[in-house]
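Comments concern the structure below.
The values are calculated or read from the model by the stated rules, or taken from the named source; none is laboratory data. In this text, all values refer to a predicted model and were calculated from it rather than measured experimentally. For neighbour counting, all protein chains shown are included, and Cβ atoms are generated from backbone atoms with ideal geometry for every residue, glycine included. Note: accessible area is taken over every heavy atom of the protein model, side chains too, but ligands, DNA and RNA are not part of it. Shrake-Rupley method; radii C 1.70, N 1.55, O 1.52, S 1.80 Å.
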Amino acid sequence: VQFVDSAGGETETGPLPNQADADTTVTVEFDLGLMAEDMPDPVLAGSGSPNLTHVLTLSRVGGPSDAPGVTVDVVATLPAGVTIFNWVETAGVFDGVTWDLLGPVPATANGTDVATLTLNLTVDDTAASCDQCVSAAGTIMTTGGTDTDPGNDTAVDPTSITAPSDLTTVFDTTITFT
């Protein structure tokens, strides 16, 4: 590099004045959260198709950086007589196991629900009664960066099944003869 002194016309070759080398570490931090909700609970077996809904909601809680490479691993626990009718995602793609958001979750979305995955299930009339036995659990996974609160990255809301054979009808009838 050449420097020319405009006053004296001198030329100097060498490093830039007031220059220094420094290593910079860029920290990618964000906070994503996951919530789960089921409707209804309990579900009456054989009451229609679909008759049970599980919703996973991904939220951008905070943090200064975009969240890169976001996926949600989904584990559906479905006892006999329970099947997935269909699913609907508001963003990304779900393949039955992994919900891929297909890109970063921007920092500008702080404080908002970013996307939902809705699983519509059918609990048919062969399903047995059980307590908290149907679920769709989700766990947020990211590539690159640090989720500053991993405690809110997993969610599940299990559902109970009531079989029609477990329902009891009670009649309380008074008959009066005159």
Got a sec? Charge dipole of the range 44-176, +1 on Cβ for Lys and Arg, -1 for Asp and Glu; which of P79, I161, I140 is way out at the positive end? I140
Charge dipole magnitude, Cβ of K and R +1, D and E -1 - the range 12-131, Cα centre, debye nearest 20: 240 debye
To the nearest 10 Å², what's L44's accessible area with a 1.4 Å probe? 70 Å²
In nm, spacing of pseudo-spin labels at V61 and A91 (7 Å Cα→C-beta vector): 1.7 nm
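State the extension gain, in nm to one decimal, for the chain segment bounded by D23 and N120, taking 0.36 nm per residue of separation less the distance between their alpha-carbons.
Contour length minus the Cα-Cα distance gives 29.8 nm.
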In whole Å, what are the extents of the range 102-161 along the principal axes defined by its C-alpha atoms, from largest to smallest? 46, 21, 20
Can you check what the Kirkwood hydrodynamic radius comes to for the range 56-122, Cα pairs only, in Å to one decimal? 13.0 Å
Taking 7 Å along the Cα-to-C-beta vector as the label spot, tell me the E37-Q132 distance in nanometres, rounded to one decimal. 2.1 nm
Just how many % of Cα pairs in the range 24-178 lie over 28 Å apart, if you round to the nearest whole percent? 35 percent
Order of exposure, largest accessible area first, which applies to V97, V55, V105 with probe 1.4 Å: V97, V55, V105
